[in-house]
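A.B. asks: Have a look at this one.
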Amino acid sequence: MSTRVAIDNHREGAEVYHGAELCKKKPVELLTLLHLPKGLLPFEGMEAVAYNRTTGFVWLKQRKATNHVFKTIDKAVSNAAEVTAFVDDRRMSRMTGVKSKKLLVWVSISDSDQLKMNV
């Protein structure tokens with residue numbers, strides 16, 4: 001089974017939200033529900049936010065890729081136009097579309113939990 005087919009299977013039955021107002025509100029609600037930091041996901045330029053409660057699959061669609069610097073930890077992060085992840089209480093895993101600059105090299109971030117990030 002290809003990765004694309006697997007992702008499409010997780011999209012079935014998901015709650016999908018469109019519109020600027022909902023796309024700013026729903027990620028905050030989701031992060032609060034899962035006990036994750038509120039600044040973890042990008043909020044500017046969102047076109048769609050979706051969450052499948054059964055599988056924990058989340059995806060965010062932006063107009064374009066964005067870069068962000070977490071000032072408190074001095075880390076640069078690049079978010080693709082589409083970011084996907086599987087979420088659970090205090091944990092995100094199998095993320096796609098997110099890279100972090102480490103030693104002048106961009107590396108993909110795959111898993112994170114409340115206190116650490118695996119690259």
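A.B. asks: For each of Ile73, Ile109, count neighbouring Cβ atoms within 10 Å of the residue's Cβ, then give the residues from fewest to most.
C.D. replies: Ile73, Ile109
A.B. asks: Once fully extended, how much extra length lies between Ala48 and Lys102, figured as 0.36 nm per residue of separation less the alpha-carbon to alpha-carbon distance?
C.D. replies: Going from the current span to full extension adds 16.5 nm.
A.B. asks: If neighbour count is taken as other Cβ atoms inside 10 Å, put Leu33, Leu60 in order from fewest to most.
C.D. replies: Ascending number of Cβ neighbours within 10 Å: Leu33, Leu60.
A.B. asks: Stretch Thr55-Glu21 to full length: gain in nm at 0.36 nm per residue minus the Cα-Cα span?
C.D. replies: 9.7 nm
A.B. asks: Grab the eigenvalues of the alpha-carbon gyration tensor for the range 9-84, scale each by 5, take roots, and send me the semi-axes largest first in whole angstrom.
C.D. replies: 21, 14, 12
A.B. asks: Test of understanding: ordering Tyr51, Tyr17 by Cβ neighbours within 10 Å, fewest first, what list do you get? All intermediate terms of the calculation are to be shown ahead of the outcome.
C.D. replies: Details: Tyr51 22, Tyr17 17.
The fewest-first ordering by Cβ neighbours comes to Tyr17, Tyr51.
A.B. asks: Obtain the nm distance between the two label points defined at Val69 and Glu12 by a simple spin-label model: each point lies 7 Å from its Cα along the Cα-to-C-beta direction.
C.D. replies: Placing both labels 7 Å beyond Cα along the Cβ direction yields 4.5 nm.
A short reminder: the numbers here are calculations on the coordinates, not readings from a lab. Quick caveat: nothing in here was measured; it's all calculated off a predicted structure. Quick reminder, even Gly has a Cβ in these numbers, built from the backbone with ideal geometry, and neighbours come from all protein chains shown.
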